[in-house]
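The values are calculated or read from the model by the stated rules, or taken from the named source; none is laboratory data. This structure is a prediction, so every number in the text was calculated from the model and none was measured. Don't worry about glycine lacking a Cβ; one is built from the backbone with ideal geometry, like all the others, and counts go over all protein chains shown. SASA here: full protein model, heavy atoms, side chains in, ligands and nucleic acids out. Shrake-Rupley method; radii C 1.70, N 1.55, O 1.52, S 1.80 Å.
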Amino acid sequence: MANFMTVDGNKAAAHIAYEFSEIAAIYPITPSSPMAGLTDVWSAQGRKNMFGQQVRLIEMQSEAGAAGAIHGSLQAGSLSTTFTSSQGLMLMVPVLYRIAGERLPGVLHVASRTVGTHALSIFGDHSDIYACRQTGFAQLSSGSVQEVADLAGIAHLSAVKGRIPFMHFFDGFRTSHELSRIDMPDVKKISKLMDQDALDYFKSHALNPEHPMLRATVQNGDVYFQVREANNTAYNELPDIVQNYMDEVAKITGRSYHLFDYYGDPEATEVVVAMGSVSGTACEAVDYMNDKGHKTGFVQVHLYRPFSAKHFLNALPKTVKNIAVLDRTKEMGAVGDPLFLDVVSVLNGSDLNPRIIGGRYGLSSKDTNTEQLVAVYKNLLKENPIQSFTIGIEDDVTHLSLPLEKLEDFETEMYECKFWGLGGDGTVGANHNTIQILGDCENMYSQAYFEYDAKKSFGVTKSHLRLSKKPIRSSSYVKNADFVACQNERFIYLYDIVDEI
């Protein structure tokens, strides 16, 4: 039976994580703080996890302390989790190497966010999780609030069975704070999929003063290399473990996922590869291009680490001629960004021989819409496409941005609204209520995303609301609204509000 509710990505992740966790060690950081806050509230209210216990929440004095705390609790045999983002995740990196190296089944839920470089940004991209791709943590990506609810449990189940820690990540603000009407899976049914033998193995190897054992030795060059390579087997087996759990969870939810989900023409010649919240928008672009007579497709990456070459090649149409890989980060000085390099590596030596180009989008939550994704496909169709391109900005320095064409004939079956407000005036809170009432009471799919600057209070806020009888795929700003409201008359003279009606 469907259990529809209107929640954001943080609440969806926390709801599932609570069931599988005995200890949560936290140091709250935007935009992941609500996950820790909700866990604290539920524990105080007496909510029970899969073990019939309240989750014990420990707040540390830094993110490094939070990582150290879950490292210790995992060693002591407690299933442990933490919630973090950006700079907080960076402070955890040294401990993440240890947790992964010791094969401890911890899980991090990450509202992925920009790592500060020339400036600090609280908004979202994938620079933080990319910085952790060498730690040994498996990395599982969700692209929508519904996917967060469906895939979070798979991270916990796979971590225990595979004895490899997981980093479950989704786009900060774009997914973590987006309100959406979803079908929340029955967490009690999902927790029954736990491999009890693997759980017993983890518990039996806990550090205990009554049964002392030697851990975390110092090794020399005579054995260290060999031990690192000996772990290959576990990482080679993990993709099949994750896919098996995806299949088992699908029997409960009715929603099917794969390590790499393909959407589009089965004989596509132009394919885009990406992960995260851009996925729904990319599917809209595929529909638009295919309606125009082109053969295009989109591959959404769910399991980023370990990157399974076998599963990726199985998802890719054998007819593909041109591939564009989109990364939500900028790796300065690199010949290509991380996901692009993975795709090139997989296709090198395969039976397929497509042309592969890379591009960047969405840094610091820069809006990425259907128009921009259509430009990516049109770039692929060119005889000499722009390499290492950007979308969403106008690059007048290195001239790598793709030209955009307004899609006059692009339509969606949605009712879209945009509300302009002043931070702290109640507009955002009112729209939270509006979208929940309409979603829960009118049996409609609903989505609300709130755009504001870093200072939040007394800055400009823009509430983007969508309502539909069908599931909503769009994950971009409302630019062609059926209804526009302005709560501060000064804005009428400062901004071109009318243009978006």
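Some values worked out for this structure:
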| quantity | calculated |
| --- | --- |
| Close pairs from the stretch 483-501: first surrounded by fewer than 15 Cβ atoms within 10 Å (Cβ to Cβ), partner part of a loop (DSSP other than H, G, I, E, B), Cβ under 6 Å, at least 6 apart | I501/A481 |
| Residue tally, condition loosely packed, with under 10 Cβ neighbours inside 10 Å and not acidic (D, E), over the stretch 401-417 | 2 |
| Residue count for the stretch 352-385, restricted to those that are open to solvent by 50 Å² or more (accessible area, probe 1.4 Å), assigned to a loop (DSSP other than H, G, I, E, B) and under 23 Å from G276 (Cα atoms) | 1 |
| Any hit, the stretch 341-348, residues being closer than 22 Å to V478 by Cα, polar (S, T, N, Q), open to solvent by 20 Å² or more (accessible area, probe 1.4 Å) and modelled with pLDDT of 95 or more | no |
| Single residue of the stretch 269-284 satisfying the filter (open to solvent by 10 Å² or more (accessible area, probe 1.4 Å) and touching a helix residue (DSSP H, G or I) at 6+ places or on another chain (Cβ under 6 Å)) that is modelled with the highest pLDDT | E270 |
| Test: V397 is at pLDDT 95 or above and either in contact with a Phe, Trp or Tyr (Cβ under 8 Å, 6 or more places away or on another chain) or of a type in the set (S, T, N, Q) (or both) | no |
| Flag for T135 being free of Cβ contacts under 8 Å to residues at least 60 places away in the same chain, open to solvent by less than 10 Å² (accessible area, probe 1.4 Å) and within 23 Å of the chain's Cα centre (by Cα) | yes |
| Some residue of the stretch 22-40 being farther than 23 Å from F123 by Cα and either out of contact with any strand residue (DSSP E or B) (no Cβ under 9 Å at 6 or more places or on another chain) or among the aromatic types (F, W, Y) (or both) | no |
| The lone exception for Q75 - which of (1) in contact with a Lys or Arg (Cβ under 8 Å, 6 or more places away or on another chain); (2) surrounded by 24 or more Cβ atoms within 10 Å (Cβ to Cβ); (3) not hydroxyl-bearing (S, T, Y) it fails | (2) |
| Total residues in the stretch 240-255, condition free of Cβ contacts under 8 Å to residues at least 24 places away in the same chain and over 17 Å from N3 (Cα atoms) | 3 |
| Number of the condition not met by L179 [criteria: (1) hydrophobic (A, V, I, L, M, F, W, C); (2) more than 26 Å from A2 (Cα to Cα); (3) touching a residue at least 60 places away in the same chain (Cβ under 8 Å)] | (2) |
| Strands (runs of 3 or more DSSP E) (entirely within the stretch 67-174) containing at least 2 residues that are β-branched (V, I, T) | 80-84, 107-112 |
| Residue satisfying all of: in the stretch 19-49; free of Cβ contacts under 8 Å to residues at least 12 places away in the same chain and more than 21 Å from the chain's Cα centre (by Cα); least open to solvent (accessible area, probe 1.4 Å) among these | G46 |
| Residues within the stretch 1-18 that are touching a helix residue (DSSP H, G or I) at 6+ places or on another chain (Cβ under 9 Å) and either among the acidic types (D, E) or open to solvent by 30 Å² or more (accessible area, probe 1.4 Å) (or both), tallied | 5 |
| Count of the stretch 50-68 residues which are closer than 27 Å to K192 by Cα and either open to solvent by 30 Å² or more (accessible area, probe 1.4 Å) or touching a residue at least 40 places away in the same chain (Cβ under 8 Å) (or both) | 8 |
| Residue count, the stretch 318-340 (criterion: part of a loop (DSSP other than H, G, I, E, B) and either surrounded by fewer than 21 Cβ atoms within 10 Å (Cβ to Cβ) or at positive phi (or both)) | 10 |
